Amino acid sequence: LRVEETLGNGFVRLRVSEAERRQAKHDIRNIEDAVIELLRNARDAGAQTVFLATTREGTCRTVTCIDDGCGIPEPMLDRVFEARVTSKLDTMAMDRWGVHGRGMALFSIRHNALESRICRSEPGFGTALLTRFDCAQIAERTDQSSWPRVSKNDEGRHVTSRGPHNILRTAVDFALDCRPPEVFFGSPSDVVATIFS
């Protein structure tokens, strides 16, 4: 009753009513929202490690997310960007950012991006996903260079306590809240150097 179409390889297209029942707190309103959805996808794919590379040239922000999760079968590489397509029929997740697994995250990212594509993925070997945004069309925080301040809360957990809600803070919030995966963040050359080391 929840499925409109079975797509194979564990992927389904949810019925509209099921996708609405799983409604997230928000869709993609800014680049930071897209980054958290990419990180959540990697986590839900069973990734132990995520590399998040980002760069900006003019008004173009490029975000590359590389993970060592379960990967995506070749027939699904483009279909994962369609509305209500998910592999999380029985494993949707609820976290501080809302429900994840309604099949709208990658659809919303592509809808708001200049380009969004799977560069490489294989079952059992993870996924590399590249997305380019026009910051004149979808906003990002103005201060992308400041690091957040991390402190301990009353329960003794590390949390971000200060700093702009930029891409870096989004990655730090996720890394502190969700383990695994371990998150590495930086420029493309930082990420390549980290992968090689």
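Structure data summary
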quantity	calculated
Spans of helices (runs of 4 or more DSSP H) in the range 98-197 with at least 3 residues without any contact (Cβ under 8 Å) to a residue 24 or more places away in the chain and open to solvent by 40 Å² or more (accessible area, probe 1.4 Å)	188-196
Qualifying positions in the range 55-90 - of a type in the set (A, V, I, L, M, F, W, C), in a loop (DSSP other than H, G, I, E, B) and surrounded by fewer than 21 Cβ atoms within 10 Å (Cβ to Cβ)	Cys70, Leu77, Ala83, Leu89
Residue check, Met94 of a type in the set (A, V, I, L, M, F, W, C) and under 14 Å from the mean Cα position of the chain (by Cα)	no
Breaking point among (1) modelled with pLDDT under 95; (2) open to solvent by less than 50 Å² (accessible area, probe 1.4 Å), for Arg21	(2)
Matching entry among Glu122, Glu115, Glu140 (being more than 23 Å from Val85 (Cα to Cα) and either of a type in the set (Gly, Ala, Ser) or out of contact with any Pro (no Cβ under 8 Å at 6 or more places or on another chain) (or both))	Glu140
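The values are calculated or read from the model by the stated rules, or taken from the named source; none is laboratory data. None of the values given here were measured: they were computed from a predicted structure. Don't worry about glycine lacking a Cβ; one is built from the backbone with ideal geometry, like all the others, and counts go over all protein chains shown. The accessibility values were calculated without ligands, DNA or RNA, using every heavy atom of the protein model including side chains. Shrake-Rupley method; radii C 1.70, N 1.55, O 1.52, S 1.80 Å.
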